[in-house]
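Below: one structure, written as structure tokens.
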Amino acid sequence: MNEKIMVVDDEKEIADLVEVCLKNEGYAVRKFYNGTDALAYANTCEISLGILDVMLPDIDGFTLVQKLRERFVFPIIMLTAKVEDTDKITGLMLGADDYMTKPFSPPELVTRVKAQLRRYTRYNSGEPPEARANEIDIRGLYINEDNHRCTLNGKEIILTPIEFNILWHLCKRRGRVVSSEELFETVWGEKFLDSSNTVMAHIARLREKLGEPPRRPRYIKTVWGVGYTIDD
């Protein structure tokens, strides 16, 4: 195991706890107590996953996620002391893949780290999928499952693994309405427990990347009370 995980938290006790838990699983860990040092490190070293606190002494975790997403697609899990859905949705919309509320369960954090790394590894493996229907083009939106490439009218759209998997699932089922429950259980591989906010935040992020007008999206449409659909 050679995955390198970046932990950013200004609470030394929490950063140390996360480090111990991850090192016990065989991961390499680099700790930082502020966003500036973490960002500098990310720009010079290869990272497999980031765990970021929202409240940092210099730049906040939301800003750090935004800056990281300008260059990198590795999974990001956010830690927050706030329980309001608005904070969680903000992090997801800016590009985080998952979030946990403090105080958190260390075994659950390790489980989520492993799940995110599994998705990221599959995303970058280059292995051909079992199904050969691996290319879809819908009115200029092109998506390829083999190389995880997405373009819109010839312009490449950079997607995180979760964003790609959501879009691919919707494109494969174009013309059908896909529920939030189906999307969550297919993409996250976990039981759906009222996780509609998580799905909604990632859909909003996808629409932003596709340049979709909020009121009249061309591709990902909301069927209120049912789910999401992409028309043929």
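The values are calculated or read from the model by the stated rules, or taken from the named source; none is laboratory data. The structure displayed is predicted, hence computed values, not measured ones. Every residue, glycine among them, receives a Cβ derived from its backbone with ideal geometry; neighbour counts consider all protein chains shown. Please note that ligands, DNA and RNA were not included when accessible areas were found on the heavy atoms of the full protein model with its side chains. Shrake-Rupley method; radii C 1.70, N 1.55, O 1.52, S 1.80 Å.
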(Q) Can you name every one of the helices (runs of 4 or more DSSP H) wholly within region 5-105 that holds 1 or more residues which are in contact with a Lys or Arg (Cβ under 8 Å, 6 or more places away or on another chain), of a type in the set (Asp, Glu) and touching a residue at least 12 places away in the same chain (Cβ under 8 Å)? (A) 12-24
Q: Just give me the residues in region 208-232 being within 22 Å of Val73 (Cβ to Cβ), outside any loop (DSSP other than H, G, I, E, B) and open to solvent by 50 Å² or more (accessible area, probe 1.4 Å), in sequence order.
A: Glu208, Lys209
Q. Of the residues Val18, Val54, Val29, which single one is under 28 Å from Ile157 (Cα atoms) and β-branched (Val, Ile, Thr)?
A. Val54
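Go through region 3-20 and report how many residues are of a type in the set (A, V, I, L, M, F, W, C) and open to solvent by less than 30 Å² (accessible area, probe 1.4 Å).
First, the residues of region 3-20 that are of a type in the set (A, V, I, L, M, F, W, C): 5-8, 14-15, 17-18, 20.
Next, from what is left, pick out any that are open to solvent by less than 30 Å² (accessible area, probe 1.4 Å): 5-8, 15, 18.
Adding up the residues that qualify gives 6.
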Q) How about region 141-178: which of its residues are in a loop (DSSP other than H, G, I, E, B) and either polar (S, T, N, Q) or surrounded by fewer than 18 Cβ atoms within 10 Å (Cβ to Cβ) (or both)? A) Asp146, Asn147, Asn153, Gly154, Ile158, Thr160, Arg173, Arg174, Gly175, Arg176, Val177
Q) Residues of region 191-207 being within 16 Å of Leu152 (Cα to Cα) and either surrounded by fewer than 17 Cβ atoms within 10 Å (Cβ to Cβ) or in contact with a Gly (Cβ under 8 Å, 6 or more places away or on another chain) (or both), which ones? A) Arg205
Q. Filtering region 113-147 down to residues that are under 30 Å from Leu22 (Cα atoms) and among the β-branched types (Val, Ile, Thr), which residue is modelled with the highest pLDDT?
A. Val113
